[in-house]
Amino acid sequence: MNIIVCIKQVPAKDAPLQIAGNWIREADIGFEMNEPDSFALEEALRLKEKHGGEVVALSMGPDRVKQTIKEALAKGADRGIHVADDKFFALDPLGSARALAAAIQKEKADLVLTGLQSDDHGFGQTGVLLAGLLNLPHATIIMQIDVQDGKMKLKRELEAGWFQWMECPLPAVLSIQSGINKVRYATLKGIMAAKKKEIAVISRDSLGASGKPTQLIERIYVPQKAKKTEFLTGTPKEAAAKLVEKLKFEARVL
Amino acid sequence: MKILVVTEQRQAKWNKASFETLAAAQQIAAETKGTLAAAVIGKGVAALADELAGKKLDEVLLVEHDLLDAYTADGFTQALAQVITSAKPDLVLFPHTYQVRDFAPQLAASLNRGMIGDCVGYRCENGRLVFVRQMFQGKTAADVTFQGAAPWFASFQSGAFRADLVAPHASGKASVSKPSVDLKPEQIRTRPLELFREAKQAVDLTQAPIIVAIGRGIKAPENIPLAEKLAKAIGGEIAASRPICDEGWLPMDRQIGSSGQTVAPKLYLALGISGAIQHVVGMKGSRTVVAVNKDQNAPIFEIADYAIVGDIFEIMPALTEQLEKAKSS
């Protein structure tokens, strides 16, 4: 089973964000593998261990994303594809998906996996758009994948505690729910092995997959605090008594 | 501006986020002096269409087909593409549900359009719509506008608008039309199977008026009864942030946040929850938020109406006692 995992590199969780127009200042901050995508990678590695085949880590962005591809290779992916684009941050979801779809089309994949959404833009559209562009069936928010007889039985998470089983033929595109598995760490052996693995570089321009943007982020900003917070003080008993008063007579929610 | 809201139902029960989006759409229609239609999709859902017709809108589209009985991405994408092509709305609005995430971006792309998903608000600036969505997990907001020609597609985050503000129809009922859709079984590539809930006592926290939520500050599963006692005294449901459910201390269906349920109760008590954005997106629509945390710099205090800086193991029993006292007096 040949699996392509789409992995985004995003600013590190604890990175201090400095807004610059419609993006952030990238200098001086760290970047890391988008956490939701790490669950997709782990799922791909587990499927490969069970069914054979190869796992390809696909990432788009400037040169720094190679580091994230290397991390995927160290965890067990067989090779990487880097779609090079210094202005990746400025693409709309459809623009990103068009480029990724063009890169995927050059491969022979049985399965394309994405994470749920990215921790930076958070569009959460890539998998669904890829399926449309590649004319493949898809499913999202997946909590379990069972491959049998050339098709998949999938457990899909719905809202309010509901789940649903579904059947999906292969090839297909799946967006993986965070928490589906426990993500592995790269071993020293894996890190050494990754050094010999191939990362193919394709420029986004050469894919000829550009289109007009459908949406534009005009600016980003720190949201205004909407609420006034009242701090209740005193001993635990006093604070609790004040709170019950407030909830009863001021907020009127009791 | 011609606006179409795509509502959501499952087994003839509303996803109530539909009405939040309808409230937003009524506002946008009023501000742009536009018209508003709402679509309900499925099979045997005429009663829901009739209910919608009682709301302030110009038309209800009842989109029914045997192949739309259970949701499939292929079925919904193709049916709605046909409906949109014939109804020609300028703006198509959805509630940002798991189901919408599953098909709406592809629906927009199939018409060579984009979708601005998960919006928390909008502004109408001289007839131009600016959508506000969060980025960097809520650390920043972004103003986003559509480029190119209509139709434009957008979805609103759960809790961004108030469902109880949906205006009723001024003079009786809106007309219900039934656009025909052409679907064939072979166009639907996935097969939906049974729906199920994992936990025995699965709870729909979105319906709870009061929620008592615990976070990492609860420290150990043996301490949970303290929170449960408090929940009982205040008449609320117990809930938690993701780490508590990942540890298995509470079942997954008690989880609030981006990967759990999104709730907007009238009262939300956050106990020992730091307020990571993954949690906050799931509860920020709550009418009144109470936060109790040891760390006075915890981000949860940013969105709290009432705050107590203190030890939850002291505050929880004290609060339980005060509530019981208030009840008996």
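Any read-out appearing in this document is the output of simple, stated calculations on the displayed coordinates, not a laboratory observation. Since we're looking at a predicted model, the values are computed, not measured. Every residue, glycine among them, receives a Cβ derived from its backbone with ideal geometry; neighbour counts consider all protein chains shown.
Numerical summary
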{"item": "Integer Hz, Karplus 6.51/-1.76/1.60 couplings in order for the stretch A:27-38, x for Gly and Pro", "result": "5, 6, 10, x, 10, 8, 5, 3, 4, x, 6, 5"}
{"item": "Environment charge of B:Ala326, counting only residues whose C-beta is closer than 9 Å and scoring Lys/Arg +1, Asp/Glu -1", "result": "+1"}
{"item": "Sites B:Val130 and A:Ala12 - FRET efficiency at Förster radius 30 Å, r taken between beta-carbons, to 0.05", "result": "0.50"}
{"item": "Percent breakdown of C-alpha pair distances by 10 Å bin, ordered from the shortest bin, for the stretch B:205-328", "result": "15, 52, 31, 2"}
{"item": "GNM flexibility winner over chain A from A:Lys228, A:Lys237, A:Lys189 (Cα, springs under 10 Å)", "result": "A:Lys237"}
{"item": "Pairwise centroid distance, computed over Cα atoms, of the stretch B:91-148 with the stretch B:273-329, Å", "result": "32"}
{"item": "In range of the label at B:His169: residues from the stretch B:5-20 whose backbone nitrogen is under 15 Å from the point 7 Å along Cα→Cβ", "result": "none"}
{"item": "Electrostatic dipole magnitude of chain B [Cβ: Lys, Arg +1; Asp, Glu -1; Cα centre; debye, to 20]", "result": "380"}
{"item": "Nonlocal amide H pairs with B:Ala239, under 5 Å, H built at 1.01 Å", "result": "B:Val212, B:Ala213, B:Ile214"}
{"item": "Alpha-carbon gyration tensor eigenvalues x 5, square-rooted, for the stretch B:73-159, Å", "result": "22, 16, 10"}
{"item": "Cα-Cα over 32 Å, subset of A:Lys87/A:Lys196; A:Lys228/B:Lys55; A:Lys106/A:Lys212; A:Lys108/B:Lys88", "result": "A:Lys228/B:Lys55; A:Lys108/B:Lys88"}
{"item": "For chain B, built as a Gaussian network whose Cα springs stay under 10 Å, the top-fluctuating residue of B:Ala240, B:Ala47, B:Ala73", "result": "B:Ala47"}
{"item": "Positive-pole candidate from A:Gly30, A:Val147, A:Val173, dipole of the stretch A:3-207, charges at beta carbon", "result": "A:Val147"}
{"item": "Per-residue average of Cβ from other chains inside 10 Å of B:185-191", "result": "4"}
{"item": "Cβ-derived FRET efficiency at R0 45 Å, A:Asn135 paired with B:Ala46, nearest 0.05", "result": "0.85"}
{"item": "For the stretch B:90-149, with +1 on Lys and Arg beta carbons and -1 on Asp and Glu, the positive-most of B:Thr140, B:Gln99, B:Gly121 along the dipole", "result": "B:Thr140"}
{"item": "Beta bridges by DSSP in the protein assembly as shown, antiparallel share as percent, to the nearest 5", "result": "35"}
{"item": "Shielding by partners, peptide B:114-127 (average Cβ within 10 angstrom, other chains)", "result": "3"}
{"item": "Cβ-placed point charges (K, R +1; D, E -1), dipole of the protein assembly as shown about Cα centre in debye, nearest 20", "result": "260"}
{"item": "Among B:Ser110, B:Ser158, B:Ser286, residue whose mean-square fluctuation peaks in a GNM of chain B (springs only between Cα atoms under 10 Å)", "result": "B:Ser110"}
{"item": "Sites B:Glu324 and B:Leu195, calculated FRET efficiency, Cβ-Cβ separation with R0 45 Å, nearest 0.05", "result": "0.70"}
{"item": "Packing-based exposure ordering (other Cβ within 10 Å, fewest first) of A:Phe88, B:Phe103", "result": "A:Phe88, B:Phe103"}
{"item": "Two-site label geometry, A:Lys182 and B:Asp204: point separation in nm, points 7 Å out along Cα→Cβ", "result": "3.5"}
{"item": "Share of pairwise Cα separations in chain B, more than 24 Å, in percent", "result": "58"}
{"item": "Chain lengthening between B:Glu186 and B:Gln11 when straightened (0.36 nm per residue, less Cα-Cα)", "result": "60.7 nm"}
{"item": "Student exercise, the stretch B:234-329 dipole from Lys, Arg, Asp, Glu Cβ charges, in Debye to nearest 20", "result": "320"}
{"item": "For A:Thr140, distant residues with modelled amide H under 5 Å away", "result": "A:Ser175"}
{"item": "Chain B - mean residue ellipticity at 222 nm from DSSP helices (-39,500 (n - 2.57) per run, n ≥ 4, rounded to 500)", "result": "-8000 deg cm²/dmol"}
{"item": "The stretch B:214-224 - phi-based ³J(HN,Hα) in whole Hz, Karplus 6.51/-1.76/1.60, Gly and Pro as x", "result": "10, x, 3, x, 6, 6, 8, x, 5, 8, 4"}
{"item": "Acute angle (nearest 10 degrees) that the helix B:17-31 long axis makes with the longest principal axis of chain B, alpha-carbon atoms", "result": "60"}
{"item": "Nitroxide proxy distance, nm - points 7 Å out along Cα→Cβ at B:Gln82 and B:Lys178", "result": "1.4"}
{"item": "222 nm mean residue ellipticity, helices alone, for chain A (DSSP H n ≥ 4; -39,500 (n - 2.57); rounded to 500)", "result": "-8000 deg cm²/dmol"}
{"item": "Relative counts (whole %) of C-alpha pair distances in the protein assembly as shown, using bins that are 10 Å wide", "result": "3, 17, 26, 27, 18, 7, 1, 0"}
{"item": "Of A:Lys151/B:Lys178; A:Lys50/A:Lys197; A:Lys48/A:Lys155, pairs whose Cα-Cα distance is over 29 Å", "result": "A:Lys151/B:Lys178"}
